[in-house]
Each structure stands twice: as structure tokens, then as C-alpha cells.
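The values are calculated or read from the model by the stated rules, or taken from the named source; none is laboratory data. Owing to the predicted nature of the structure, the values given are computational and were not obtained by experimental measurement. Neighbour counts are summed over all protein chains in view; Cβ atoms, including those assigned to glycine, are modelled from backbone coordinates with ideal geometry.
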Amino acid sequence: MFGLEDLMKNVDLGDILEKVGLSDKDKKEVTNQAADAIKYRTNKEKARGNDGTMANLFSANDNNEDANKVAKKLEGDLAHNLKNKSGMSESIIDKIKSAVMSKVMGSFTGDAAKSGDKEGNGLMDMFTDNDMISGLKSKLGGFFK
């Protein structure tokens, strides 16, 4: 299989980020914040029971309408991370968030598909904090007994 570090090494944001004048350090930060945004959103959607939507988003298949909505939320998550953790200006963030997230997701799903994971299950597992989800479900389950 593959790991997150392996996936992140394969993401090349150079063409996007050079246009707005970001340094190599900034490029690495943007990639890290994109991965954090994906992890955050994956856990949030999985906790909501949207496994099918996330599976579609991580698969090599075309996104359905719900997956497209989550993809838009990912852009917002990335923008939030960059604003709060990198100090980049909002104008730069607005210029890059869509292209960056699209390229990162495309790279991740492409790498997964090349390794035989066309349905994106390995990606979903990689970005899901299973302990957090289990704990949340057990706590919430107590409300419905």
C-alpha cells in the first residue's frame, strides 16, 4: 500500500503556486494544510454517516453531486487552515484554494488507483481517525437507547 507521506511527495503544486510567488517552504505548507483539510473533512463526513459520499470522492470515478459539495467544503477547509496556520493573505488563498485542492485530490486518487485502489477505500482509511469515530458513535449511541 502507500502512506500519506508517499502521497504528499507526489503532489506537485509548483505551477500553481509559482504564479502567485510562493516559496518552496510555502509550497510544502500548502500541501500539508491540504492534507490536514482532507483529514478533517473525511472525519467530519464519516461521523455524519456520509461514507458513500467520501468513497465516491476518493474513488477514480466521477464525483456525484454530494461529492462535489464536499469538494467545495474542502476548499473552504483549506482556506481556513491557510489563513490561520500559514499567514498567507486572503487574496492569495482565494486564488489558489480551488486549483490546489483539485490537484491534491487528483494526485491522491490517481496514486491510489495506480496501486489498485480504484474505489479509494485505502485513502478513506488513511484519512479517517477510526478511534475518534468509534468513540463518537459510542457516545452518541447512548442518547438513543
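General observations
- Matching entry among K44, K95, K9, K27 (being part of a helix (DSSP H, G or I), under 14 Å from D125 (Cα atoms) and more than 11 Å from the chain's Cα centre (by Cα)): K44
- Qualifying positions in segment 44-54 - on the phi < 0 side of the Ramachandran plot and surrounded by fewer than 17 Cβ atoms within 10 Å (Cβ to Cβ): K44, A47, R48, D51, G52
- In the set A55, A35, only one residue is in contact (Cβ under 8 Å) with a residue 60 or more places away in the chain, under 19 Å from G106 (Cβ atoms) and over 11 Å from the mean Cα position of the chain (by Cα); that residue is A55.
- The set of residues from segment 57-92 being more than 11 Å from A34 (Cβ to Cβ), among the acidic types (D, E) and in a helix (DSSP H, G or I) comprises E65, D66, E90.
- All conditions in (1) at pLDDT below 90; (2) over 15 Å from D36 (Cα atoms); (3) out of contact with any Leu (no Cβ under 6 Å at 6 or more places or on another chain) hold for S98, with the sole exception of (1).
- Of everything listed in (1) surrounded by 15 or more Cβ atoms within 10 Å (Cβ to Cβ); (2) over 21 Å from N64 (Cα atoms), the single unmet condition for D94 is (1).
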